[in-house]
Structure formats: C-alpha cells, structure tokens
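Below: the structure, in structure tokens.
The values are calculated or read from the model by the stated rules, or taken from the named source; none is laboratory data. Quantities reported herein were computed from a predicted structural model and do not represent experimental measurements. Glycine gets a Cβ as well: all are built from the backbone with ideal geometry, and neighbour counts include every protein chain shown.
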Amino acid sequence: MTNRSASPAQTPIISVAGVSKTYASGHVALKQIDLDIQPGEIFALLGPNGAGKTTLIGIICGIVKTSTGSITADGFDIERDYRAARARIGLVPQELATDAFEKVWDTVSFSRGLFGLPANPAYLEKVLRDLSLWDKRKSRIITLSGGMKRRVMIAKALSHEPRILFLDEPTAGVDVELRRDMWAMVRQLRQSGVTIILTTHYIEEAEQMADRIGVINRGELILVEDKAKLMDKLGKKELSLQLPSPIDALPSALSEQSVALSDDGRRIVYTFDTHSENTGIPALLRQLDELGIDYTDLQTRQSSLEDIFVSLVTER
Ligand SMILES: Nc1ncnc2c1ncn2[C@@H]1O[C@H](COP(=O)(O)OP(=O)(O)OP(=O)(O)O)[C@@H](O)[C@H]1O
C-alpha cells in the first residue's frame, strides 16, 4: 500500500520506501511499508501490541537494520548518511533509561555533547523551561516523580535541537492527568516547529494528539488517514433491535436504508453516524411501528478500532 502525501508540493521530512523487516528468528515484523511524514505534523502510529510500531521507529532511527527498502530523514539516507540523518532525530524510547544519580541539567547537557554539538545553555534552558523542568535542573533524577522522569527523557531527546521527535508509547502506564499534560506538551512542541511521530495503542490518544493516523497491524500499514476522516469512520454506531421471533427477510421499506438483518434473523441492525445531527433513530422506530415489527430489547454499540481492523483486514 502506498501512503504518499496528496500534496506533491511539500517535501516530506521522513520518507519510508518499501521497508520490510524479518528478524533473525524468522519473524516478519514489517511488510513493505511506504510512508511519508510531512514537516510540522503530529503523526500517530496506532496498533496493538506486537504490531511492529517499535520496530518501525527503530528502523527510521537507524537502530534496527532494514531487510529491504530505504529511509530518508530531512533528505539524508539513514544508512548512507547515518550521522546527518540521526542528528535530525530525537528519540524518546518506551523504557525510562536515565542515569538515576545524575542531575537533570548534567544529563541533558551530556546528551547534547554526544552529538558533538557545542554547548548552548540558552537553548537547553528553553527546553527545560518548556517542559516545566527548570526548577528541577539541579535535582538528581532519582528524586523525581515518574512524570518528571518522562519529561527528562524528552529533554534529553531534544537536547541536540532535532527537527523530528519520536515518542514511543509516551503515556504507557501513565495516569490520566499526566497523560493530558503530555498531550499539551506535545502540541506545544509542534508549535515550536518540531515534527512529531508517536506510537500508541490507545485510540483516544491518537484522537487527541494526531493530525494523521497510521494503523499498523501484524507488520502491515493497513491505513493512513487524516484524523478527522478516521474519526468519522469511528464515529459510526450500531443500534441493534432484538426481535421476539426470527424473520426471513427485512420488509422492502427498510432494505433501502442502513438497516441489516442478522444472519439468524433475530436482530435488526441499524448503522448511524454519531456526528450527524439527525441519527435517523426516531424515524426508524416509527417505521417499525407502522410495519408492525415489535422488538424486545434494544442496544447501541460504538464501532471500535477493533471493528476497523477486522473490516480492513477482511477487505484485504
Ligand atoms: N529482536 C527481535 N527478534 C525477534 N523478534 C522481535 C525482535 N524485536 C521484536 N520482535 C517481534 O516483532 C514483533 C513486533 O514488535 P514491536 O516491538 O515492533 O511491536 P510494537 O507494535 O511496538 O508492540 P509493543 O506495543 O508491544 O511494543 C513482535 O512480535 C515482537 O515479538
């Protein structure tokens, strides 16, 4: 599947072309991924555990080797021009890996030094202030809360002034309040001109943060869509009406609409759009009444990301 941008005028900041990965174990973690990320966007890579999100990030950051395909970051090939490409990228890994006894300022300065950049205290001060870490700059990391430690990880990833920031499961195991904080912080980072790619398996997180969402499942990028469009699909709900006894077919008056009969003939299922002002439910219920169709129970159900996976995978 090709997921090139609709707008040819913009040069992508990341371009992934024909990337596959088979681990030494023989496990195929990624299959033929094509993906362009535009400068300044927040892109969420959404998928269940084991889908291949971390592998894809690792490959783009040059940590994991591809089996096929190529990647450029800001125009630099991640294999041929590794140092230049990597210098453009900040990575916040899933695991919190910091030197517990270091002070915040020292660890962030050290991270910058690893990229061979001269000291820039004014820039690091801005990073720490933006992340509400300035007051903690002299604190040892071990004394910080979990949320603050995560911020330190982000500060380290930003220390070398990257144009692209990867956040791998930024809110895994984080409480609701901290999650909201993190979302606000990510939006703020984008405003400062950083392109952000994050992975998540929370649909809500992708919904809150992303401009575009890519859905990855079993190593395949099965969908890349503007958030608004995807949410429209997710905005569909099903109304299910339990019939007192099975019927053979829907009356013709109903078959024109988004109404279906379950295979066993015991339920009438109506799909409607939750975003629409007029769901059509009152009209449907009136019509059933006119047709003399009784029902014994009625329930609604939100179509889930799971449903989207299932329908996408079956479509393929
Ligand atoms: N070094 C490795 N050797 C063999 N298989 C691996 C290796 N690393 C990952 N895998 C497998 O590749 C698949 C994709 O893993 P990956 O970590 O990329 O998924 P993920 O979508 O990031 O999931 P999670 O959210 O659980 O981290 C998984 O089945 C995983 O077990």
Test LEU114 against the stated conditions and say whether it is of a type outside the set (Ser, Thr, Tyr) and touching a helix residue (DSSP H, G or I) at 6+ places or on another chain (Cβ under 7 Å). no
The correct count of residues that are in contact with a helix residue (DSSP H, G or I) (Cβ under 8 Å, 6 or more places away or on another chain) and either part of a helix (DSSP H, G or I) or surrounded by fewer than 20 Cβ atoms within 10 Å (Cβ to Cβ) (or both) in region 24-40 is 1
Over region 184-203, the set of residues out of contact with any Lys or Arg (no Cβ under 7 Å at 6 or more places or on another chain), in a loop (DSSP other than H, G, I, E, B) and not aromatic (Phe, Trp, Tyr) is SER192, GLY193, HIS201
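Conditions tested, residue by residue: (1) within 11 Å of the ligand (Cβ to nearest atom); (2) surrounded by fewer than 17 Cβ atoms within 10 Å (Cβ to Cβ); (3) within 20 Å of ILE203 (Cα to Cα).
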residue: LEU46; (1), (2), (3): yes, no, yes
residue: ALA51; (1), (2), (3): yes, no, yes
residue: ILE57; (1), (2), (3): yes, no, yes
residue: SER67; (1), (2), (3): no, yes, no
residue: THR72; (1), (2), (3): no, no, no
A careful count of residues in region 35-86 that are hydrophobic (A, V, I, L, M, F, W, C), farther than 14 Å from VAL19 by Cβ and in contact (Cβ under 8 Å) with a residue 60 or more places away in the chain gives 5
Note: among LEU165, LEU144, just one is hydrophobic (A, V, I, L, M, F, W, C), in contact with a helix residue (DSSP H, G or I) (Cβ under 7 Å, 6 or more places away or on another chain) and at pLDDT 95 or above, namely LEU165
